[in-house]
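Heads up, the thing below is written out as structure tokens.
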Amino acid sequence: MILPALDKGGYRYKRQVVIGKRLGGHDHKVDVLVSGEADVEIPISLKWQQTSGTAEQKVPFEILCLAEAVHKSRGKFKKAYLVLGGSGWTLRDYYVSGDIRHYLRNCEPVEIVALETFVARANQAGL
């Protein structure tokens with residue numbers, strides 16, 4: 001769903017791209033790296049939760065890692081997306097509401113969205 005929406009929106013992108021190091025020193029690979037205007041790129045991390053499990057617990061760490069990537073990019077990344085898909089989330093509404101920002105500092109450049117919201121924006125070239 002993501003890639004056809006990016007195509008429809010006229011975006012160029014690469015899949016499975018290492019954008020630097022994660023907190024802790026390991027490679028930070030994002031699912032999609034979108035090329036935007038004026039040499040600005042947008043890292044996109046996709047999380048899928050079909051049934052209840054551990055993906056929900058990984059969301060805060062992914063937010064921190066994406067925010068760190070944006071801050072260290074020297075303007076290459078202006079923002080990042082964390083896209084949550086699947087029907088198994090119990091905390092999806094909480095995450096996409098932005099309420100988690102009360103507990104995480106300097107993570108403003110990371111937008112957490114439901115899969116459907118991201119697809120609608122990408123289709124309309126609204127990233």
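The values are calculated or read from the model by the stated rules, or taken from the named source; none is laboratory data. All figures in this text were calculated on a predicted structure; none of them were measured in a lab. Here Cβ is always computed from backbone atoms with ideal geometry, including for glycine, and neighbour counts include all displayed protein chains.
From the residues in the range 65-113 that are over 18 Å from HIS28 (Cβ atoms), of a type in the set (Val, Ile, Thr) and not in a helix (DSSP H, G or I), which one is modelled with the highest pLDDT? In this case the residue turns out to be VAL113. Of the conditions (1) modelled with pLDDT under 95; (2) under 11 Å from the mean Cα position of the chain (by Cα); (3) more than 17 Å from LEU104 (Cβ to Cβ), SER52 satisfies every one except a single condition; which number is it? Every condition holds for SER52 apart from (2). Out of LEU6, LEU33, LEU46, one residue alone is in a helix (DSSP H, G or I), surrounded by 13 or more Cβ atoms within 10 Å (Cβ to Cβ), of a type outside the set (D, E, K, R) and in contact (Cβ under 8 Å) with a residue 12 or more places away in the chain. It is LEU6. Within the range 11-38, being in contact with a helix residue (DSSP H, G or I) (Cβ under 9 Å, 6 or more places away or on another chain) and farther than 18 Å from LYS72 by Cα holds for TYR11, ARG12, TYR13, ARG15, ASP31, VAL32.
Here is the figure for the range 110-127: residues that are touching a residue at least 40 places away in the same chain (Cβ under 8 Å), surrounded by fewer than 20 Cβ atoms within 10 Å (Cβ to Cβ) and in contact with a helix residue (DSSP H, G or I) (Cβ under 7 Å, 6 or more places away or on another chain) total 2.
For the range 80-102, indicate whether the set of residues that are in contact with a Lys or Arg (Cβ under 7 Å, 6 or more places away or on another chain), over 17 Å from ALA5 (Cβ atoms), buried (at least 18 other Cβ atoms within 10 Å of the Cβ) and not small (Gly, Ala, Ser) is non-empty. No: the range 80-102 contains no residue that is in contact with a Lys or Arg (Cβ under 7 Å, 6 or more places away or on another chain), over 17 Å from ALA5 (Cβ atoms), buried (at least 18 other Cβ atoms within 10 Å of the Cβ) and not small (Gly, Ala, Ser). Of the numbered criteria (1) more than 18 Å from ASN123 (Cα to Cα); (2) surrounded by 13 or more Cβ atoms within 10 Å (Cβ to Cβ), the one GLN57 fails is (2). Selection of the range 77-105 for residues being among the basic types (Lys, Arg) and closer than 9 Å to GLU56 by Cβ yields only ARG92.
Close Cβ contacts (under 8 Å, 6 or more residues apart or on different chains) running from residues in the range 81-102 that are closer than 22 Å to ILE42 by Cβ and without any contact (Cβ under 8 Å) to a residue 40 or more places away in the chain to residues that are among the acidic types (Asp, Glu) and assigned to a loop (DSSP other than H, G, I, E, B) comprise ARG101/GLU108.
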